[in-house]
Amino acid sequence: ETVFLPGWEEGLFPHQRALDEGGRSGLEEERRLAYVGLTRAKKNLHLWFVSNRRIHGLWQSTIPSRFLEELPEAHVEVAESGNSYGGYGNSYGGGSFAPGRGGRQNPYG
């Protein structure tokens, strides 16, 4: 009934390698994978992204996945996290999906 999908950041989902090696077709394959994950939810869908991620021992700023902006707004509830780790601030300034915010979607309205 409920599906949890973490990691909705550019470079992670869609994965940078799929974009680099596959171009437009790689992006469409990542979009298809997103659709498969999203449509597994029967009642609730929880998507997560972070503003900073530790990769190979280094903190890197991230931006939300482009796929989040493609979700129908009527079925999205955005929840903000009041927590930050280590004092890292908000470095993303655009769109309705900003770091520290996650969304829940009912894929069936």
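Here, each number is a calculation from the coordinates, and none is a lab measurement. As the structure is a prediction and not an experimental result, all values here were calculated from the model. For neighbour counting, all protein chains shown are included, and Cβ atoms are generated from backbone atoms with ideal geometry for every residue, glycine included.
So the values come out like this:
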| item | result |
| --- | --- |
| Relative exposure of Glu69, Glu77, judged by other C-beta atoms within 10 Å (fewest first) | Glu77, Glu69 |
| Inter-label distance, nm, simple model (7 Å from Cα along the C-beta direction), Val78/Leu12 | 1.9 |
| 5 angstrom amide H check on Glu9, placed H, neighbours 5+ away | Ser65 |
| Theoretical FRET efficiency, 1/(1+(r/R0)^6), r = Cβ-Cβ of His46 and Arg66, R0 22 Å, to 0.05 | 0.70 |
| Linear extension gain, Leu38 paired with Trp59, 0.36 nm per residue minus alpha-carbon span | 4.7 nm |
